[in-house]
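Worksheet: one structure, shown below.
The values are calculated or read from the model by the stated rules, or taken from the named source; none is laboratory data. Keep in mind that what you see is a predicted model, and the values were worked out from it rather than measured. All Cβ positions, glycine included, derive from the backbone under ideal geometry; neighbour counts span all protein chains shown.
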Amino acid sequence: MDTIFALASARGKAGVAVIRISGPRAWAAVEDLAGALPLPRTAALRLLRRGGEALDSALVLCFAQGASFTGEQVAELHIHGSVASVAAVLGALAEVPGLRLAEAGEFTRRALENGRLDLAQVEGLADLIDAETEAQRKQALRVLAGTIGTLVKGWRADLMRAAALVAATIDFSDEDVPLDVGPEVLPLLHRVSAALTRELAGFGASERIRDGYEVAIVGRPNAGKSTLLNALAGRDAAITSEHAGTTRDVIEVRMDLGGLPVTLLDTAGLRAAEDAVEAIGVARALERAQAADLRVFLLDGGDLPLLEPLAGDILVRGKADLRPGEGLGVSGVTGEGIDVLVQAISAELAGRAMSAGVMTRERHRVALGRAIEALASAAVELGRGPERAEFAAEDIGAATRALESLVGRVDVEHLLDDIFASFCIGK
């Protein structure tokens, strides 16, 4: 494979910049610039030179093949983070024969190809880089640590055992193998199916932690929704006015509430529209509010505006500085009740997040669903008798392949290994 190099730290001026080189010529290329290399995993200060010209001083780190992020021979140069220093060192590396600039994501792709990361871990790494809140960081770290791969390994072991039993019934019926393996296979299938169902149930919360919750502020015109949004955001995100109907479109503000990513939605006042433009705004408000994960109803003393609260929705009295009363009241002008409202929103969403599993992406949900359907079909086929064993075997194989797609690996050779190990066939 080519030897690749790239700036591994963020672009722009910084105290330190990290340049990574990976591939069979990585160490030789750095040796050309830095002279004698330090021992693997030992940092040493070296002066980088090219053609007799000093480029920069660098902290040099080397990682042996099989013991690096990519699984290849890797070297890192920690240099001063000026734009000029980075350009000079990258330019010198580009002149070394056999080296080329890495493509987007190529280091991680090589880590996947060399077995240093599985596909789910690659996704976890991407999510960790994009993490904005504490909950997102923790979730991404769980995936990057290989939690999904560990789960798949356990599920796969049960399915391999079940497949081995069924396959032995089909292919080795003349051996000393019980004909009806249903009593042993069905509990294995049910155990895996139950675990997958639990993971699938937690997918919605996991996805929300990754992508963010939406919280819509709804109420009648001039209830103080935009003022409340500005108070929550700490800035003038929405135009406020004493005239009803100022907000016509949905205004979004991204926030971190209790470590969870939350997008607050300021919607148009809900009422029978007085003109065509306002009618569009009200329709959009209703659509977004209904699709939101949580709604905060800002009440003005009248009836609920065109929308019924759902379980978990929060009802508060708006303009509490002007309308004293019982219950939770908030005022975007004075700040009264804002902290209590934030705590209420955070507590509600945190409660929902507690049900999160480790599956975070739509492809994870699809794979789990396919596996559950295949296992259900396999159980039905086994219930119809030993003569349907071939159909059950195909369904178990389909479930296994669906689960292996989670980590990007499909290996059928282990099925034969499991058959011979379990039944000592071919003695």
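Between Asp56, Asp32, the distinction of being of a type in the set (Asp, Glu) and part of a helix (DSSP H, G or I) belongs to Asp32 only.
Scanning the range 323-366 for residues that are in a loop (DSSP other than H, G, I, E, B) and either in contact with a strand residue (DSSP E or B) (Cβ under 8 Å, 6 or more places away or on another chain) or of a type in the set (Asp, Glu) (or both) yields Arg323, Gly325, Glu326, Gly327, Leu328, Val330, Glu336, Gly337. Ala201 passes every criterion in (1) closer than 24 Å to Ala378 by Cα; (2) buried (at least 16 other Cβ atoms within 10 Å of the Cβ) apart from (2). Quick one: is Ala379 of a type outside the set (Asp, Glu), modelled with pLDDT under 85 and not assigned by TED's automatic domain parsing to the domain that holds Thr108? No.
Conditions tested, residue by residue: (1) of a type outside the set (Gly, Ala, Ser); (2) in contact (Cβ under 8 Å) with a residue 40 or more places away in the chain; (3) surrounded by fewer than 19 Cβ atoms within 10 Å (Cβ to Cβ); (4) more than 30 Å from Leu188 (Cα to Cα).
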{"position": "Glu326", "(1), (2), (3), (4)": "yes, no, yes, yes"}
{"position": "Glu336", "(1), (2), (3), (4)": "yes, no, yes, yes"}
{"position": "Val342", "(1), (2), (3), (4)": "yes, yes, yes, yes"}
{"position": "Ala350", "(1), (2), (3), (4)": "no, yes, yes, yes"}
{"position": "Ile372", "(1), (2), (3), (4)": "yes, yes, no, no"}
{"position": "Gly383", "(1), (2), (3), (4)": "no, yes, yes, no"}
{"position": "Arg388", "(1), (2), (3), (4)": "yes, no, yes, no"}
{"position": "Ala399", "(1), (2), (3), (4)": "no, yes, no, no"}
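Right, Glu123: in contact with a His (Cβ under 9 Å, 6 or more places away or on another chain) and either in contact (Cβ under 8 Å) with a residue 40 or more places away in the chain or small (Gly, Ala, Ser) (or both) or not? So Glu123 passes the test. Of all residues in the range 7-29, exactly one satisfies the criterion of being in contact with a helix residue (DSSP H, G or I) (Cβ under 7 Å, 6 or more places away or on another chain) and part of a helix (DSSP H, G or I), namely Ala29. Scanning the range 159-170 for residues that are more than 17 Å from Pro386 (Cα to Cα) and not basic (Lys, Arg) turns up at least one hit. Residues in the range 27-69 that are surrounded by 12 or more Cβ atoms within 10 Å (Cβ to Cβ) and acidic (Asp, Glu): Glu31, Asp32, Asp56.
Considering only the range 215-232, I want to know if a residue exists there that is assigned to a loop (DSSP other than H, G, I, E, B), of a type in the set (A, V, I, L, M) and either in contact with a helix residue (DSSP H, G or I) (Cβ under 6 Å, 6 or more places away or on another chain) or at pLDDT below 85 (or both). Yes. The set of residues from the range 71-115 being assigned to a helix (DSSP H, G or I), of a type in the set (Gly, Ala, Ser) and closer than 15 Å to Leu55 by Cα comprises Ala84, Ser85, Ala87, Ala88, Gly91, Ala92, Ala94.
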